Amino acid sequence: MISVSNRGCFFTLRKVVVKMKLRNTTLMVVTLFCVVFAILFIQGFSSHGKKEIKAATTSPTIESDMSNQNQDSLEWNYIPEEYNVTLMTLKNDYQADERIYPDLQEMFDAARNENIYPLIDEAYRTQERQEALFSDKVNAYIAEGYSEEEAHDLAKTWVALPGASEHQLGLALDINAEQDKCTNDAVYLWLQENSYKYGFILRYPSDKFNITGINYEPWHFRYVGREAAKEIYTQELCLEEYLD
Ligand SMILES: [Zn+2]
């Protein structure tokens, strides 16, 4: 009886052990499955994230005209519709905001006294002229083989978007040299060092592209008044930094 009972006991114990082993094996398989699933999930998620970041950093192409416009309105300051400018006509029939004239005249006189001969090549622009210049630039990039979206993005690093150009304010001037009297470089250098004394700033310095979004334009000067110009020049700021 004892032995039967013992055997019965032993048998029962074996069943328990087998059951336990089975349970452990099932638990291990389930755990393993969960771990593998978790690893695959995490890898899938992070590579998806990487792909998205890569797409955002390596492709400047913007998908549609609508997102172009959204992007543009984030990046650019459009001139308010009610903005009024009182223009005066300069030599060569260029026009500018009349408030800049006295300082401009004084600056040009000072330059000439040092044998530097600046010449205005662009001043006030109408909306129509800005539109024409911008679409010329876009078309030039398209002719080089860029897509319309790429051409748009490249063009706006050189030409301000219509409605957002300082030339439309009448406060910006493109200044080169009287070619038979001195070089453009001589004029640019003189203006870089002296224009602030007369209220003008080099608007798009070479080291500020990441802030202004516009390439280095050694000919483009913007009137901000003498006080602001001096601060901007001495602290080596661009206008965006000064206004922040
Ligand atoms: Zn300009």
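The values are calculated or read from the model by the stated rules, or taken from the named source; none is laboratory data. A quick note: this is a predicted structure, and the numbers were derived from the prediction, not measured. Cβ placement follows ideal geometry from the backbone for every residue including glycine, while neighbour counts extend to all protein chains displayed.
Which residues, taken from the range 209-229, are part of a loop (DSSP other than H, G, I, E, B) and within 20 Å of the chain's Cα centre (by Cα)? It would help to see each step written out before you state the result.
First, the residues of the range 209-229 that are part of a loop (DSSP other than H, G, I, E, B): 213-219, 224-225.
Of everything in the range 209-229, those that are part of a loop (DSSP other than H, G, I, E, B) and within 20 Å of the chain's Cα centre (by Cα) turn out to be Gly213, Ile214, Asn215, Tyr216, Glu217, Pro218.
Residues Ala160, Ala151, Ala177: which one is within 16 Å of the ligand (Cβ to nearest atom) and at pLDDT 95 or above?
It is Ala177.
Under 8 Å by Cβ, and 6 or more places apart or on different chains, what pairs join a residue from the range 156-168 that is under 17 Å from Leu87 (Cα atoms) with one that is within 11 Å of the ligand (Cβ to nearest atom) and aliphatic (A, V, I, L, M)?
Sorted first by the residue in the range 156-168, then by its partner, the pairs are Ser165/Val159; Ser165/Ala172; Glu166/Ala160; Glu166/Ala172; His167/Ala123; His167/Ala160.
Does Asp103 satisfy the criteria of being in contact with a Leu (Cβ under 8 Å, 6 or more places away or on another chain), charged (D, E, K, R), modelled with pLDDT of 95 or more and under 24 Å from Pro218 (Cβ atoms)?
no
Among the candidates Tyr223, Tyr233, Tyr188, Tyr204, which residue alone is modelled with pLDDT of 95 or more, closer than 19 Å to Leu171 by Cα and away from the ligand (no atom under 14 Å from the Cβ)?
Among Tyr223, Tyr233, Tyr188, Tyr204, only Tyr233 is modelled with pLDDT of 95 or more, closer than 19 Å to Leu171 by Cα and away from the ligand (no atom under 14 Å from the Cβ).
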